[in-house]
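The structure appears right after this line, and notes come after that.
The values are calculated or read from the model by the stated rules, or taken from the named source; none is laboratory data. None of these values were measured; they are calculated from a predicted model. All Cβ positions, even for glycine, are placed from backbone atoms using ideal geometry, and neighbour counts span all protein chains on display. The protein model used for the area step is the full one, side chains on, heavy atoms only, and it has no ligands, DNA or RNA in it. Shrake-Rupley method; radii C 1.70, N 1.55, O 1.52, S 1.80 Å.
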Amino acid sequence: MISIDKYAYNSRLRRRDPMQKLVFAMMTLSVCIWAEKIIISIAVIFIMGGMTVLKGGTPFPFFLRLLLVPMIFLLVGVFTIAVNICENQEMLLWAIPFAGKWIGFSDASLVKSLKLFLRALGAVSCLYFLSLNTPMVDLLAAFRRLGMPKVFVELMELVYRFIFSLMETADTIYNAQNCRLGYSSLCSSYRSLAIMASMLFIKSYKQSKALYTALEARGYEGEINVLEEAYESHWGWYIMAVAVNALLVLFVIALKSITGGLS
Amino acid sequence: MNENILETKDLHYIYADGAVALKGISIGIKKGKCTAVLGANGAGKSTMFLNFNGIYRPSSGQVLFNGKPIDYSRKGLKELRRKIGMVFQDPDNQLFSASVFQDISFGVVNMKLPEKECRRRVDNAMEQIGITHLRDKPTHSLSFGQKKRVAIAGVLAMEPEVLVLDEPTAGLDPIGVSELMKMLRQIQTTLGITVVISTHDIDIVPLYCDYVFVMYHGMMVLEGTPKQVFTQKETIRDINLRLPRIGHLMEILKYKDDFDLDDSINTISEARIALKDWKARYLKR
Amino acid sequence: MNENILETKDLHYIYADGAVALKGISIGIKKGKCTAVLGANGAGKSTMFLNFNGIYRPSSGQVLFNGKPIDYSRKGLKELRRKIGMVFQDPDNQLFSASVFQDISFGVVNMKLPEKECRRRVDNAMEQIGITHLRDKPTHSLSFGQKKRVAIAGVLAMEPEVLVLDEPTAGLDPIGVSELMKMLRQIQTTLGITVVISTHDIDIVPLYCDYVFVMYHGMMVLEGTPKQVFTQKETIRDINLRLPRIGHLMEILKYKDDFDLDDSINTISEARIALKDWKARYLKR
Amino acid sequence: MPKKQQLALGLALMIVLMPKTVSAMHIMEGFLPPIWAISWGALCIPFIIMGLFSIKEIVRENPSVKLILAMAGGFSFVLSALKIPSVTGSCSHPTGVGFGAILFGPTVMSVIGLIVLLFQAMLLAHGGLTTLGANTFSMAVIGPVAAFATYKLVKKANGPQWLAVFLAAMLGDLLTYVVTSIQLALAFPAEVGGFGASLAKFMGIFAVTQIPLAISEGILTVLIFNALSAH
């Protein structure tokens, strides 16, 4: 149903301590955003993509498809930033007249947009590295170890479980409606969708009641306490995370000193 | 009347997440008959059903309705789904409205018929299923068996040519099962609607079905009349199913205890006749 | 070992909306046995089960555990629920965690045992139920039957004295049913846990259960060993149940076809012996 | 908590968490500069902490509320994955949290909204971790309050129920989009005209997708509301 989730459980990096993956992903993500350098962004895309595809075993085409997911937002956002409205045409590289003013791109705005575009893709590949190699249950364990509030992690745990049981129900309802021509016109589609949402709501309310009874029978009194899983833990990954990012940072500093902070 | 109303040709289906559900199914479902599809959980029965009316599109292979390949255009699908009615396992997932009457009308209203015709069809369907007395009840107050009937009525009101039911007897108590199966049998014979069911309940198959397909891991491993299929005892057991209990008893009596019986017996009434015959023959000796 | 571990005395239960679910149930469940509660949909089986471990409180009457009335204090209930494990029909309503391992550990951790002991129990339960290989899978990727087993393991890990299962075989395919029942039988015999199940599936009762209660509209109408209960053929039919198919065949053979058979036969192996005997006797004449 | 109140609570939650807006409205991972990512995150923290405290309080009184809240979160995630007919893209964010504010206080809704956003980032690749703060602020803090206020206002003015629901859903949606545009404009002021010009650009571009979407979600919410009250 949710492919990212499926790949995460099948990842060859699954047994790796989630904390290591989290630290690695977040460190690299921070460096990528902080640096805002074209070359660094590209490097991050390759490092994270490579780790995910080669080490983790996510199929390459799927990784590519995922990179396209935020593309609408990215293109619209970047385009909006690149476009400028000016009084005089000289400021712009290319422009068309509009209501007595000029709309177009400037030199600087284009470079800025390209940087932003790649930075976002670099950051996204860090996110994908994490989500494609770390199943949610492991990530929640890491959250617990990080000392996140207990209620918050418990709620996440429950929401995560419900997502899948509700998705399954939604799927069945959709098929049942579709079989009875529920999506054959725009009007009926709206009606069917509204019915589905309200059915799902009632269902999830009932399910929460039934689950409460079942948990009560196992001694639930308001807190959800469970045993933690054991993970492979090596310092190697922390060292690698620090090393890779130190290299990237050094590279950025070197770049800045050469170009004098221009690029 | 013996032509195939539904056919599949080398039907393959792979889910978006890569799970292979159907591996080359080629079957023909006879018009006007009651056909059962047997198979363990996860054998692919429901997936195949959803290929029948175009909810799923084959990864490869074909589905033919009335001899013609399915037309997957919007209009074609609309027509197809009207003609192939589908009843799902859990009635709670297919009752869409607060009242029984409204719910049964869901499909008919979507067909954009005149209101009068809609009402006629809904009333008709309720009568055929024997739930006219439930008409004004809220759906959530119904028993499981009643909900199941309302779900069937909602599909029947669209006057389909084929009625496909996924595990119609699951969750019903014994009397509920036999009442439902008798009702389906009646729909099939009096209205001439082709009925296809999937089931785990092996004992009902020889009682109510004309033809059986047996699925295993996305493949069709056996087909034939219940008599023919349940003679393939080895295969049936290999694929995590079992014989009807009466069939099993007859098999043991014949092979282990030297009763001279026909081993294609699967229902109580057949067994009774066979044992009576045997007694008579035995007496004569 | 023949005392009652669970007893009810004139147990009545009325829902908040006024629906009367139980009308004076007085039963005794024998320690260390496998007891079945039969009854059509809505007979009150689940309501009775929820009275067993104090999730519901009787409107009148009593529930006794090990001879003592239930203590409905917070502490008393906690103790009781540890000793009476409850497995619900739909595993999706029971499994709250996406991790199989963590879900199973929930009940044990609530018992505030040392971590080592918790781990031992969880591992043990997974082994007994045969799901150790599912440990690293997410709950949502499991099949229905697997989820059911995880739900049972989660209760078993608490090492209860009584295991109460609501419709454990519903929705399973034939092999799933017999595997599950054999597993329960094993838990019962090797661990000495009392097992109580509710079911529609009449044919499994004579095979796996020691004692049967039959419910109808909130009342207990029959009880006894499977043999005793299924001899009350009239009552069984009156309350929307049926005989086991083999029992039905034997009944017909005896009363309609003049076979001289014992009419308390309900399983294939019993039927086989009876028919063999009968043949031998017949031969001698 | 009496049964009726619980149901009302659930009903409120559902409207509250009605997901809105195309996925395009989540600010994607890595789009915001560090300073803004941190600032918006910091701005959300008090809301979240207050929310967590009140959840704890409510759960202590009634342990089943934890499950209801979680279910509501799951429900809203699943709804956000559904496609709205005729509008490109799926709806993706929980607004309307205002309704839940009546029973739980708005901060509880912020917590649930944050969880849903986190799952959308991790499982659907909508939004991101570094932009979680900004997204939470617009969709789980501001949007809901707007919806709630609108609903109350229309009811007070004796407007019909459907209008109140429609306007609440639609305005909650629109305000979220306005806030998102402000966030983007602050982070990326135009070379000429600065913040103001940038805001105009973002609002202009997003209006194309957001206004029809807000209207269709308003309609949908009314339909759902009607279907629910029929049950």
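Could you work out the percent of alpha carbon pairs in the stretch A:149-217 separated by over 21 Å, rounded to a whole number?
Details: 901 of 2346 pairs.
Across the stretch A:149-217, Cα pairs with separations above 21 Å total 38 percent.
Mind running the shape call on the stretch C:128-194? Use the C-alpha gyration tensor, a ≥ b ≥ c as the square roots of the eigenvalues: rounded below 1.5 for a/c, prolate if a/b tops b/c, oblate otherwise. Numbers along the way, then the final one.
On the way: a/c = 1.84, a/b = 1.28, b/c = 1.43.
Cα axes put the stretch C:128-194 in the oblate bin.
Hey, with R₀ at 30 Å, roughly what FRET efficiency would B:H140 and D:K152 work out to, going by the Cβ-Cβ distance, to 0.05?
Working: r = 31 Å, r/R0 = 1.02.
The calculated FRET efficiency here is 0.45.
For C:K116, which aspartates and glutamates qualify as cross-link partners when the Cα separation must be under 20 Å and same-chain residues fewer than eight apart are set aside?
Partners within reach: A:E228, A:E229, A:E232, C:D103, C:E127, C:D136, C:E159.
Would you mind computing the Rg to Rh ratio of the stretch C:244-285 from its alpha-carbon coordinates, Kirkwood style for Rh? Show your work: numbers first, answer last.
Values: Rg = 9.8 Å, Rh = 10.2 Å.
Dividing the radius of gyration by the Kirkwood radius yields 0.96.
Working out 0.36 nm times the residue gap between A:I253 and A:A108, then minus their Cα-Cα distance, what length gain in nm do you get to one decimal?
Values: separation 145, 0.36 × 145 = 52.20 nm, distance 2.18 nm.
In short, 50.0 nm is gained.
For the stretch C:197-285, what number results from the quotient of the Cα radius of gyration and 2.2 N^0.38 Å? Could you put the intermediate results ahead of the total?
Values: Rg = 14.1 Å, N = 89, 2.2 N^0.38 = 12.1 Å.
Against the compact-globule rule of thumb, the ratio is 1.16.
Could you give the distance between the Cα centres of the stretch B:164-241 and the stretch D:27-62, to the whole Å?
Using only Cα atoms, the two centres lie 55 Å from each other.
Between B:K276 and A:I39, what is the spin-label point distance in nm, taking each point 7 Å from the Cα along the Cα→C-beta axis?
9.6
Based on Cα coordinates alone, diagonalise the gyration tensor for the stretch B:4-241, multiply each eigenvalue by 5, take square roots, and list the semi-axes in whole Å, largest first. Display every interim value, and only then the final one.
On the way: eigenvalues 165, 92, 50 Å².
After scaling each eigenvalue by five and taking roots: 29, 21, 16 Å.
Going down the table (B:K33/B:K147; A:K206/B:K137; B:K254/B:K279; B:K45/B:K147), which pairs top 18 Å between alpha carbons? Write out the running numbers ahead of the final one.
Numbers: B:K33/B:K147 25 Å; A:K206/B:K137 20 Å; B:K254/B:K279 14 Å; B:K45/B:K147 22 Å.
Exceeds cut-off: B:K33/B:K147; A:K206/B:K137; B:K45/B:K147.
Where only protein heavy atoms count, and the probe is 1.4 Å, what is the accessible area per residue for the stretch B:59-119 in Å²? Could you put the intermediate results ahead of the total?
Numbers: 2780 Å² over 61 residues.
Value for the stretch B:59-119: 46 Å² per residue.
What's the angle, to the nearest 10 degrees (0 to 90), between helix B:268-284's Cα axis and the longest principal axis of chain B?
Once rounded, one gets 20 degrees.
For D:F53, what accessible surface area do you get with a 1.4 Å probe? Give it in Å², rounded to 10.
Per-residue accessible area (D:F53): approximately 140 Å².
For the stretch A:149-217, what is the accessible area per residue in Å², given a 1.4 Å probe and the full set of protein chains?
Working: 1610 Å² over 69 residues.
On a per-residue basis, 23 Å².
Assuming a ≥ b ≥ c are the square roots of the Cα gyration tensor eigenvalues, decide whether chain A counts as rounded (a/c under 1.5), prolate (otherwise, with a/b larger than b/c) or oblate.
Details: a/c = 2.57, a/b = 1.30, b/c = 1.98.
Judged from the Cα gyration tensor, chain A comes out oblate (a/c at least 1.5, b/c at or above a/b).
For the stretch C:85-160, calculate the relative contact order in percent as a whole number, restricting contacts to Cα pairs under 8 Å that are 6 or more residues apart.
On the way: 89 pairs, mean separation 37.3, N = 76.
Rounded, it is 49 percent for the stretch C:85-160.
Evaluate E = 1/(1 + (r/R0)^6) for C:D257 and B:H133, where r is the Cβ-Cβ distance and R0 equals 30 Å; express this FRET efficiency to the nearest 0.05. Don't skip to the end; give the middle numbers.
Working: r = 40 Å, r/R0 = 1.33.
After rounding to 0.05, the efficiency reads 0.15.
Just tell me how shielded C:256-268 is by partners: mean number of partner chain Cβ atoms within 10 Å of each residue's Cβ, no decimals. All intermediate terms of the calculation are to be shown ahead of the outcome.
On the way: counts 2, 5, 2, 4, 0, 0, 0, 0, 0, 0, 0, 2, 9.
Partner Cβ neighbours, averaged per residue: 2.
Restricting the calculation to Cα positions, tell me the Rg (one decimal) and the Dmax (whole number) of the stretch A:111-189 in Å.
19.8, 53
Summing -39500 (n - 2.57) over the DSSP H runs of n ≥ 4 in chain C and dividing by its residue number, what mean residue ellipticity at 222 nm do you reach, to the nearest 500 deg cm²/dmol? Walk me through the intermediate numbers first.
Numbers: 11 runs with 117 residues, N = 285.
Theoretical 222 nm ellipticity from helices: -12500 deg cm²/dmol.
Apply 1/(1 + (r/R0)^6) to the Cβ-Cβ distance of A:K150 and C:D238, taking R0 = 41 Å, and write down the FRET efficiency to the nearest 0.05. Each step should come with its number before you reach the end.
Numbers: r = 55 Å, r/R0 = 1.34.
Efficiency, from the Cβ-Cβ distance: 0.15.
Suppose we keep just the alpha-carbon trace of the stretch C:71-112; what are its Rg and Dmax in angstrom?
According to the Cα coordinates of the stretch C:71-112, Rg and Dmax are 11.9, 34 Å.
Please report the buried accessible area for the interface of A with B, total over both chains, probe 1.4 Å, in Å² to the nearest 100. Present the calculation step by step, with values, prior to reporting the outcome.
Working: alone 16510 and 14270 Å², together 28610 Å².
Result for this pair: about 2200 Å² buried.
For chain C, what relative contact order do you get, as a whole percent, if you take Cα pairs closer than 8 Å and at least 6 residues apart? If you can, show how the numbers build up before the last one.
Details: 503 pairs, mean separation 61.6, N = 285.
The value is 22 percent.
Let me know the whole percent of all Cα-Cα pairs from the protein assembly as shown that are separated by more than 53 Å. Intermediate values should be presented prior to the final figure.
Values: 138154 of 565516 pairs.
That fraction is 24 percent.
Over chain C, with every protein chain in place, what whole percent of the accessible area is carbon and sulfur at 1.4 Å, could you tell me?
Details: 5490 of 11140 Å².
Percent of accessible area from carbon and sulfur atoms in chain C: 49.
Could you run the Karplus curve 6.51 cos²θ - 1.76 cosθ + 1.60 with θ = phi - 60° over the stretch D:30-46 and give me ³J(HN,Hα) per residue in whole Hz, x for Gly and Pro?
Karplus-based 3J(HN,Hα) across the stretch D:30-46 equals x, 7, 8, x, x, 4, 6, 4, 5, 4, 5, x, 4, 5, 7, 3, x Hz.
For D:A207 paired with C:S59, estimate the spin-label separation in nm (one decimal), with each label point 7 Å from Cα along the Cα-to-Cβ line.
In this crude label model, D:A207 to C:S59 measures out at 6.3 nm.
Using the Karplus curve 6.51 cos²θ - 1.76 cosθ + 1.60 with θ = phi - 60°, what ³J(HN,Hα) values do you get for each residue of the stretch C:157-165, in whole Hz, with x for Gly and Pro?
Result, rounded to whole Hz: 4, 6, 6, x, 8, 10, 10, 10, 10.
Under 24 Å between alpha carbons, and skipping anything fewer than 8 positions from A:K37 in its own chain: which lysines qualify?
Correct list for A:K37: A:K21, A:K112, A:K115, A:K256.
If a paramagnetic tag sat 7 Å from the Cα of B:N66 along the Cα-Cβ line, which residues of the stretch B:82-125 would have the backbone N under 11 Å from that point?
B:83-84
With chain C treated as a Gaussian network of Cα nodes joined by springs under 10 Å, which of C:L134, C:L163, C:L275 yields the largest mean-square fluctuation?
Result: C:L275 has the largest fluctuation of those listed.
For the stretch C:1-100, state which chymotrypsin sites (Phe, Trp or Tyr not before Pro) are in a DSSP loop and have at most 16 other beta carbons lying within 10 Å of their beta carbon. Don't skip to the answer; put the middle values down first.
On the way: sites: C:Y13, C:Y15, C:F49, C:F52, C:Y56, C:F65, C:Y72, C:F88, C:F96; in loops: C:Y15, C:Y56, C:Y72, C:F88, C:F96.
Here the chymotrypsin sites (Phe, Trp or Tyr not before Pro) that fit, given the DSSP loop and packing criteria, are C:Y15, C:Y72.
Taking a temperature of 10 °C and a viscosity of 1.306 mPa s, what whole-number D in µm²/s does Stokes-Einstein yield for the stretch D:139-231 with Rh from Kirkwood over alpha carbon pairs? Present the calculation step by step, with values, prior to reporting the outcome.
On the way: Rh = 14.2 Å.
Stokes-Einstein gives a translational diffusion coefficient of 112 µm²/s.
For A:121-128, what's the mean count of beta carbons from other chains sitting within 10 Å of each residue's beta carbon? Walk me through the numbers before you get to the answer.
Working: counts 3, 2, 10, 7, 2, 5, 10, 3.
Mean shielding count: 5.
Between C:N4 and B:V20, with labels modelled 7 Å along Cα→Cβ, what's the label distance in nm to one decimal, could you check?
5.7
In deg cm²/dmol, rounded to 500, what helix-only [θ] at 222 nm does chain A give when every DSSP H run of at least 4 residues adds -39500 (n - 2.57) and the total is split over its residues? Before the final figure, lay out the partial values.
Details: 10 runs with 183 residues, N = 263.
Per the formula, -23500 deg cm²/dmol.
Below 18 Å, Cα to Cα, which aspartates and glutamates can D:K201 reach? Residues fewer than 8 away in the same chain don't count.
Result set, ordered by chain and number: A:E87, D:E191.
With springs only between Cα atoms under 10 Å apart, run a GNM on chain C and tell me which of C:P160, C:P174, C:P206 wobbles the most.
Between C:P160, C:P174, C:P206, it is C:P174 that shows the largest mean-square fluctuation.
In Å², nearest 100, what accessible area do chains D and A bury in total when the solvent probe is 1.4 Å?
On the way: alone 11090 and 16510 Å², together 21010 Å².
Summing both chains' loss of accessible area gives about 6600 Å².
Using only the Cα atoms of the stretch A:22-66, each taken as one equal point scatterer with no solvent, compute I(q) by the Debye sum, divide by I(0), and report log10 of the ratio at q = 0.22, 0.23, 0.27, 0.31 Å⁻¹.
Rounded to two decimals, the profile gives -0.79, -0.84, -0.99, -1.07.
Over the stretch B:244-285, give the accessible area per residue in Å² for a 1.4 Å probe, as an integer.
Working: 2090 Å² over 42 residues.
For the stretch B:244-285, the per-residue accessible area is 50 Å².
For chain B, modelled as a Gaussian network with Cα springs under 10 Å, which listed residue fluctuates most, B:G192, B:G18, B:G76?
Residue with maximal mean-square fluctuation among B:G192, B:G18, B:G76: B:G18.
Just want to confirm a number: the relative contact order over chain A, from Cα pairs under 8 angstrom separated by 6+ residues, in percent. Write down the numbers at each step before the final one.
Working: 234 pairs, mean separation 78.9, N = 263.
Across chain A, relative contact order equals 30 percent.
Which of the three applies to the stretch A:46-192, rounded, prolate or oblate, going by the alpha-carbon gyration tensor with a ≥ b ≥ c and a/c under 1.5 meaning rounded? Kindly include the intermediate steps, with their values, before the conclusion.
Working: a/c = 2.42, a/b = 1.42, b/c = 1.70.
Taking the square roots of the gyration eigenvalues as a ≥ b ≥ c, the stretch A:46-192 is oblate.
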